[in-house]
1. Calculate the FRET efficiency for B:Glu61 and A:Leu154 from the Cβ-Cβ distance with a Förster distance of 51 Å, rounded to the nearest 0.05.
2. Cut-off 16 Å, label point 7 angstrom out along Cα-to-Cβ of A:Tyr17: give me the residues of the range B:92-106 whose amide nitrogen falls inside.
3. In percent, what relative contact order does chain A have, based on Cα pairs under 8 Å that are 6 or more apart in sequence?
4. Using +1 at the C-beta of Lys and Arg and -1 at the C-beta of Asp and Glu, which of A:Phe116, A:Val103, A:Gly129 has the Cα lying farthest in the positive direction of the dipole of the range A:60-297?
5. Based on the Cα coordinates of chain B, what is the per residue volume of their convex hull in Å³?
6. Treating only the Cβ of Lys, Arg, Asp and Glu as charged (+1, +1, -1, -1), what charge dipole size does the range B:183-289 show about its Cα centre? Round to the nearest 20 debye.
7. Tell me which residues come under 5 Å, amide H to amide H, from B:Ala176 once H is placed; ignore anything under 5 positions away on its chain.
8. Loop-only check: which trypsin sites (Lys or Arg not before Pro) in the range A:41-116 are DSSP coil with at most 11 other Cβ within 10 angstrom?
Amino acid sequence: MNRKGLRTAWRPDWILYLFLLPGVLYFIVFKYLPMYGIIIAFQDYSPFKGVSGSDFVGLKHFIRFFEDDEFITVFRNTLLISFYKLAFGFPVPILIALMLNEVRKSWFKRTAQTLFYIPHFFSWVIFGGIVIQALSSKGMINSIITLFGGDPILFMAEKEYFRSILVISDIIKESGWASIIYLAAISGVNPSLYEAARMDGAKKRHEIFYITLPSISSTIIILFILQLGNILELGVQQVFMLYNPLVYEVGDIIDTYVYRVGLTEQKYSFATAVGLFQATVGLILIYVANGLAKRFSGGGLW
Amino acid sequence: MRESVSFRVGTFLNYTLLTVFGLITLFPFMHVLAQSLSSQTAIVSNQVTIYPVGFQTLSYELLLKDNDFYQAFGVSLFRTAAGVGINMLLTCLMAYPLSRQVLKGKGLIMNMVIFTMLFQGGLIPSFLLLKELGMLDTMWSLLLPSAVSAFNLILLKNFFQSVPASMEESAKIDGAGHGTILWKIFVPLSLPAIATLTLFYAVMHWNTYFDAVMYISNPDLNPLQVYLRNMIVLNDSNIEMTNNTGLFLISPESLKAATIIASVLPMIIVYPFVQRYFVKGVMLGALKG
């Protein structure tokens, strides 16, 4: 394009770029500058020397954390808890959506939805607080146990219960809300499909397995990909609220580990290396999952 | 229509299971409410389940006398109001140009935004950035790092794209500039989306606490969630629960429970009025995204 053409194309739009400016600046400063800051994972960063002045040490920190027993534990915890959340938590919202979809009494449906959705809007401090209170030595569960003559159990301090508590509390808090997206997908299914099936004598379970589920499979796949991409990011707000030193061995995850090592112990470079590893694995996973989804079902995220 | 036996059994099971799941969410909450209103002896002897035993309201009275509680509540209110203001202004300003069919550099900016959903610099570099900017221990550290959510931006952009082009044409003929078109046409026509995003952002600001844990060390700037966490997890509170002879007037459990209820109350009051917007908003995201 020649100069004049460029100018006429630009003129009516300059204000649009002005609109974009604060947002773009935000993304550059608060999202891309930290990406540049990742360099310190390859340095022995010292706050006094800054990013440009610190010594370059290559992969030293990466080698160190792969040989570190604590990191191995943390990595295993993260994978295990993620896996449990995926295996037990992923199907629940689909189930809730299928069940809610069959409810004909509207007052029941409305009440159920309100009850299911509202925990999503509680912070993890509040919901975690409720969990801690209910499971404490004087809490509801232990009141019931003592009522039947048992001895109180200190749930939050026992290693064997901690992962279950994380998984179950997450399911209770989030599955109701997650079901909305499936309900939306189900409401988009063409009703004539059901009518035709009923004409052919289909039962309810046939309708669910041969019409509803196949119709919402693309939604299911997309949400599965997203969750797979987040497999190393468990939601630091939940674990940070619920865990305590007694259960670090089973409950410490990458996010909380990075926070502790990085900010409490101020090993900036080491913690950044761990964070970079986590982010990179997430990126690779989401690309792989997306590729697989495209190949086997013809639809992915992009 | 004739209903078979198996159909009726299925329906019954369906309602029962949904009820059970509803009660699982409801009971812990009722338990905390009951604890907040129960006497110290009842709690210590494990008598409290889902209704108050040895009714008292002293926990609430003590909580409402605590200055730190009001301070934290005020910080959270301010953070939510100012944060949402920044969020909505920036998100609208950015979504409008990006929703246009032709705009040089639009693809580049969209890719730049989407990439931040897939990959992030991480906790430590973000912390060091705020340190460099001198924002640690200021409200800015709670407001600016979450100024635009990529997800919400894309949702609003998609919504703006569905505004009929004819509306804009006629406004242009009347001599309206982009600013007028955005605030007088796009925003009012997208009210469901605007309401949803406002609520999403508000909930995020009200609920997030981990950023305050990392960035804030001045107790006067602690939001409500951090105040609550310190009390529940660290047993850290200035509220005096004993009388002058050292006897417990209320159980610490009861005070924690009362604080949980007081923190959750705003959400419970607002929630019924805004639920339909939330649901609509998520549907929008699901269908368009």
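1. In this case the efficiency is close to 0.95.
2. B:97-98, B:102-106
3. 25
4. Towards the positive end, the residue furthest out is A:Val103.
5. Roughly 220 Å³ of hull volume per residue.
6. My answer is approximately 700 debye.
7. none
8. A:Arg104, A:Lys105
Just so you know, all these numbers are worked out from the coordinates, no wet-lab data involved. This structure is a prediction, so every number in the text was calculated from the model and none was measured. So basically every Cβ, Gly included, is an ideal-geometry build from the backbone, and we count neighbours across all protein chains shown.
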